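Let me begin by presenting the structure, written as structure tokens, before commenting on it.
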Amino acid sequence: MTAEDIEGLMMPITSTLSRTSIHAVDFDREPERFKVYTQRDLGAIDALRSLPDSLRFEMQVVASVLPFRVNDYVIRELIDWDRVPEDPIFQLTFPQRGMLSDLHYDRMAMAHRSGMDKQGLKAVADEIRAQLNPHPAGQLELNVPRDENGDPIVGLQHKYRETVLFFPSQGQTCHSYCSFCFRWAQFIGDKSLRMATTEAGKLHDYLRDHQEVTDLLVTGGDPMVMKSRQLKAYLEPLLHPDFSHIRSIRIGTKALTFWPQRFVTDEDADELIEWLHHLTIAGKHVAIMAHYNHAREMGTAIAKAAIGRLRGAGAEIRSQGPLLAHINDDPRAWVDLWQEQVKLGIIPYYMFVERDTGSRHHFEVPLFRAWEIYRDAMRRVSGLGRTARGPSMSALPGKVEVQGVAEIQGEKVFVLRFIQARDPEWVQRPFFAQFDEQATWLDQLKPAFGEKKFFFE
Ligand SMILES: *Cc1c(COP(=O)(O)O)cnc(C)c1O
Ligand code: SF4
């Protein structure tokens, strides 16, 4: 093949490059208005009108305890209403009866039926919420670093040596809420449970003083709810030579699912894309840590356009998300997810185990089953789709991956390892737990071979 032939082959590709270029978008770019519904507006969602009254009442009851927020795009384009209530995106965003225990559900249902006033309902809700483990894995206290005066730097977490988590205060909400979200406590308006800071200065001081940090992970909520210029104010100073040790800037987001317009048609979308491009040209690795649960989330034209624009700006998109009953607890769902991601240029990164908080019992999948699903799905994708590690539990000592089940000297065991650990010495060290088909979390596992403790305890 001659150079001309190759060029000929390239032509049609370059002519459609606008999808991935920075400025032009071959997308009908009429900006859409962001319209959101919360618990108060459940009655105003037209799509729900055709559902049975009993289902609507259940949703009302659950939504008065757990946070609920969904936008018009999700309702219109992501949910398949012919398949409700089983539809995975409906399960992902709308309140479900099973998200509360029978005891809590009955309590709240009774309160509604008795015609209790708003204040009364709130008191019942608060009481139930307090029992739902609002901050798992010691997040709030344990990992918050301190400044030179010994004062906690609110809004930062530094758990693993090389990565600092930053929770900008303007990014502590999302374009919609996931029904299983472990950060729900941040969304119910209890300020004492909120992890956020307004001070960019403190972030920069901390990073300047910690040369061992290579990665900054901006997270929330969803930092992409912020205006481009707000995000820029936090991140642009990192181009200064004082921060040359910060090699990677990661932004955790579900906006590619819940509001891809953020990257394409929103008023300040171009500013965001141009500025991310600027960061990558200046030598930073920009990684969009995209939260995905289902292939459907990438199915719309606007979602694909958003992915294309981010990639065109030089950002990598890595995907992570939990394995959830009712949403993606079968190998096929993960095969579809990973294959579609590879096709669109997204790198599968983590498969998480749903953590121990809030509505977990509705979504939880035993570790053994999670591993079976992971393995089954892995077997059916090419090497490019096998980059997701998991199933992984984000537990107190670190991220623990279930590597598999083995029989060693007559004992059936789980083989586990730390992907990430509070103590870097623990990373990649295999360890063993007694096999337990029902166990759903690390704290339910017992060491194998008659040992009294795990090595990290
Ligand atoms: C997962 C996680 C990170 C990032 O870990 P990587 O293995 O580098 O992706 C950082 N901090 C916390 C608290 C985490 O849970
Ligand atoms: S996008 Fe993330 S933080 Fe927001 S509701 Fe979903 S899981 Fe929670």
Only one of 132, 121, 100, 92 is in contact (Cβ under 8 Å) with a residue 24 or more places away in the chain and in contact with a Cys (Cβ under 7 Å, 6 or more places away or on another chain), namely 92
So, residue 276, is that one within 24 Å of residue 174 (Cα to Cα), crowded, with 22+ Cβ neighbours inside 10 Å and in contact with a strand residue (DSSP E or B) (Cβ under 6 Å, 6 or more places away or on another chain) or not?
yes
Consider residue 126 carefully, then state whether it is of a type outside the set (Gly, Ala, Ser), surrounded by 12 or more Cβ atoms within 10 Å (Cβ to Cβ) and assigned to a helix (DSSP H, G or I).
yes
Is region 235-251 home to any residue that is away from ligand 2 (no atom under 16 Å from the Cβ), crowded, with 22+ Cβ neighbours inside 10 Å and in a helix (DSSP H, G or I)?
yes
Quick check on residue 80: is it at pLDDT below 95 and either surrounded by 15 or more Cβ atoms within 10 Å (Cβ to Cβ) or not hydroxyl-bearing (Ser, Thr, Tyr) (or both)?
no
State which residue is surrounded by the most Cβ atoms within 10 Å (Cβ to Cβ) when the search covers only region 388-440 and only residues that are acidic (Asp, Glu) and farther than 19 Å from residue 348 by Cα.
436
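Yes or no, residue by residue, for (1) hydrophobic (A, V, I, L, M, F, W, C); (2) over 29 Å from residue 373 (Cα atoms); (3) assigned to a strand (DSSP E or B); (4) at pLDDT 95 or above:
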site	(1), (2), (3), (4)
263	yes, yes, no, yes
278	no, yes, no, yes
296	no, no, no, yes
302	yes, yes, no, yes
308	no, yes, no, yes
317	yes, no, yes, yes
320	no, no, yes, yes
Output yes when any residue across region 291-299 is in contact (Cβ under 8 Å) with a residue 12 or more places away in the chain, closer than 27 Å to residue 415 by Cβ, hydrophobic (A, V, I, L, M, F, W, C) and surrounded by fewer than 22 Cβ atoms within 10 Å (Cβ to Cβ), and no when none is.
no
Of everything in region 73-98, what is in a helix (DSSP H, G or I), within 20 Å of residue 330 (Cα to Cα) and in contact with a helix residue (DSSP H, G or I) (Cβ under 8 Å, 6 or more places away or on another chain)? Give them in sequence order.
78, 83, 88, 89, 90, 93, 98
Give the residues of region 380-439 that are touching a Pro at 6+ places or on another chain (Cβ under 8 Å), within 27 Å of residue 143 (Cβ to Cβ) and of a type in the set (Lys, Arg), sorted by residue number.
417, 422
I'm checking my understanding of the structure. Among residues of region 129-153 that are buried (at least 16 other Cβ atoms within 10 Å of the Cβ) and modelled with pLDDT under 85, which one is nearest to ligand 1 (Cβ to nearest atom)?
143
Residue list for region 89-132, restricted to those being over 26 Å from the mean Cα position of the chain (by Cα) and among the aromatic types (Phe, Trp, Tyr):
105
For the list (1) more than 26 Å from residue 93 (Cβ to Cβ); (2) modelled with pLDDT under 90; (3) not β-branched (Val, Ile, Thr), I need the number of the one condition that residue 170 fails.
(1)
Just for region 154-176: of the residues that are in a loop (DSSP other than H, G, I, E, B) and within 16 Å of ligand 1 (Cβ to nearest atom), which one is surrounded by the most Cβ atoms within 10 Å (Cβ to Cβ)?
167
Restricting attention to region 208-234, which residues are more than 13 Å from ligand 2 (Cβ to nearest atom) and assigned to a loop (DSSP other than H, G, I, E, B)?
210, 211, 212, 213, 214, 226, 227
Helices (runs of 4 or more DSSP H) contained entirely in region 327-405, each with at least 2 residues that are away from ligand 2 (no atom under 16 Å from the Cβ):
331-344, 367-379
Matching residues in region 335-359 - criterion: being buried (at least 20 other Cβ atoms within 10 Å of the Cβ) and polar (S, T, N, Q)
341, 359
Among the candidates 179, 192, residue that is of a type in the set (S, T, N, Q), within 30 Å of residue 363 (Cβ to Cβ) and either at pLDDT 85 or above or buried (at least 24 other Cβ atoms within 10 Å of the Cβ) (or both):
179
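The values are calculated or read from the model by the stated rules, or taken from the named source; none is laboratory data. What you are looking at is a predicted structure, and each value in this text was computed from that prediction instead of being measured. Neighbour counts run over all protein chains shown; Cβ positions are idealised from the backbone, glycine included.
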